[in-house]
Amino acid sequence: MIKQWIKQIQQIKQYRKAVQHGCYGKQYIFIKNDEDLRDISLFRLLDITSLCLQQCSGIQLNTVPKSLNGLSIKNCGLQNIDDLSNLNRLQHLDFSCNNIQRVDVLVKAINLKSLVLNENININLVQVGWLIQLNELRLDNIGLLDINFLVDLTNLTTLSMNQNKIQGISGISHLIKLQKLQLSENDISDLSPLRQLVQLHTLALNDNNIIDIDVLKNLTALNRLELDNNKIHNIWPLAGLSSWYILLLKNNKISELCPIYNKTSMFARLNISNNFITDLRPLFGRHYHQLSLENNYIMDITPLQKSYTDFLQLDNNYITKFHESEFEQIELNYYDSISVEEQKQPSRELLLLIRKRQIIKETFQKVKINESRQSKNEPKMRDLKLKMKMKVLQAQKEMINFSENLKMYFQEEQVSQ
């Protein structure tokens, strides 16, 4: 008995060192890969509010301290959680990567606000009406087909059901408090049930069968919209959305752009790679932080002259209409990073551009190295944009020899033809 007490005291000292401090003065402990952990009643002596266990098999749930308001038990082989039925102070529960089959035993957890059940493929969620107080529910990769059980959970603000087999989403049409909805990697085609979810600010629908996005024009609060890997042709319904800062449309069937305006231009990220775009004129004068247009059919990039972008990706296109003077203007418009590699039919000017970018990149690395060697008392250049202009001027000087060699190369090619 004495040896057992000594062992427990040693364990308490060890666990006390592992206590971490979270927001609002809360304390929690995270333990991973502890095969000897069975009785966790000792944690009640540590004055913690949350307990996080991962890959700790054989846990005795009847020893969980009743004072906890947060409990996370991930990948611990759980099948039955009946012993948690009396933990009515719990507010946050995470049982990801287990084999739980039912959660109705938590009916007394009247304070529960967040429930995460990702990757419990045998779970039965038919009767969850008692979860009406939930604000957050995560059900990724659990084999869901029917989501009508959600109809009464009207207080949800965050709902995630990625990687399931969902086809119809009418079960969420009345969840008007939703602000964040994630439904990627399903089999969804009809978005009409989203019409009234006007409080949504994050919507993820990657990897579905979506063609028509007309309903999205009503969701004007959206600031993050993910629609990669679908079958979308027409994006004009997005023309009225101006609050977004992330818009992902990669791998669709888009051939025509629309004027995509955003009022948060400093952070805007637009990705329309892997589509059928040829005309960039709708983007004229728009401001983006990152603009990705790889793998399209773009030939003319002059409409981008009046845009302001930090990162521009134009790899794998057909850019032929391009002039060095126009590129200099783009440089002055602060295109800090431009990628135009692997064009399908590169012009002489474009090859010059690619080489110039390489020189600028090398020069930029040298500037960074020199700056790191400066002492604190030495003045540093305050404006990064000014450095960029200086690098362009330096690159132009270094381009003379390369330009002459490239000119000779093209002349030889013409003679050989």
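The values are calculated or read from the model by the stated rules, or taken from the named source; none is laboratory data. Computed from a predicted model, the values in this text were never measured in an experiment. Here the Cβ is made from the backbone with ideal geometry for all residues, glycine too, and neighbour counts use every protein chain on show.
Looking only at residues that are among the hydrophobic types (A, V, I, L, M, F, W, C) and within 19 Å of Asn118 (Cα to Cα) in segment 45-55, which one is modelled with the highest pLDDT? So, considering only residues that are among the hydrophobic types (A, V, I, L, M, F, W, C) and within 19 Å of Asn118 (Cα to Cα), the one modelled with the highest pLDDT is Leu53. Of everything in segment 232-273 that is of a type in the set (Gly, Ala, Ser) and surrounded by 16 or more Cβ atoms within 10 Å (Cβ to Cβ), the residue that is farthest from Gln313 (Cα to Cα) is Ala268.
For residues that are assigned to a loop (DSSP other than H, G, I, E, B) and among the hydroxyl-bearing types (Ser, Thr, Tyr), scanning just segment 164-185, find the one that is surrounded by the most Cβ atoms within 10 Å (Cβ to Cβ). It would help to see each step written out before you state the result.
To start, the set of residues in segment 164-185 that are assigned to a loop (DSSP other than H, G, I, E, B) comprises 164-169, 173-179, 183-185.
Within this subset, residues satisfying the condition of being among the hydroxyl-bearing types (Ser, Thr, Tyr) are 173, 184.
On the way: Ser173: 15, Ser184: 20.
Taking the candidates together, the pick is Ser184.
When the residues of segment 274-292 are filtered to those that are within 20 Å of Leu241 (Cα to Cα) and at pLDDT 90 or above, which remaining residue is surrounded by the most Cβ atoms within 10 Å (Cβ to Cβ)? My answer is Leu291.
Each row is one residue, and each column tells you yes or no for (1) modelled with pLDDT of 60 or more; (2) hydroxyl-bearing (Ser, Thr, Tyr).
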{"residue": "Gln20", "(1), (2)": "no, no"}
{"residue": "Asn33", "(1), (2)": "yes, no"}
{"residue": "Ser57", "(1), (2)": "yes, yes"}
{"residue": "Asn69", "(1), (2)": "yes, no"}
{"residue": "Ser72", "(1), (2)": "yes, yes"}
{"residue": "Asp82", "(1), (2)": "yes, no"}
{"residue": "Gln101", "(1), (2)": "yes, no"}
{"residue": "Leu112", "(1), (2)": "yes, no"}
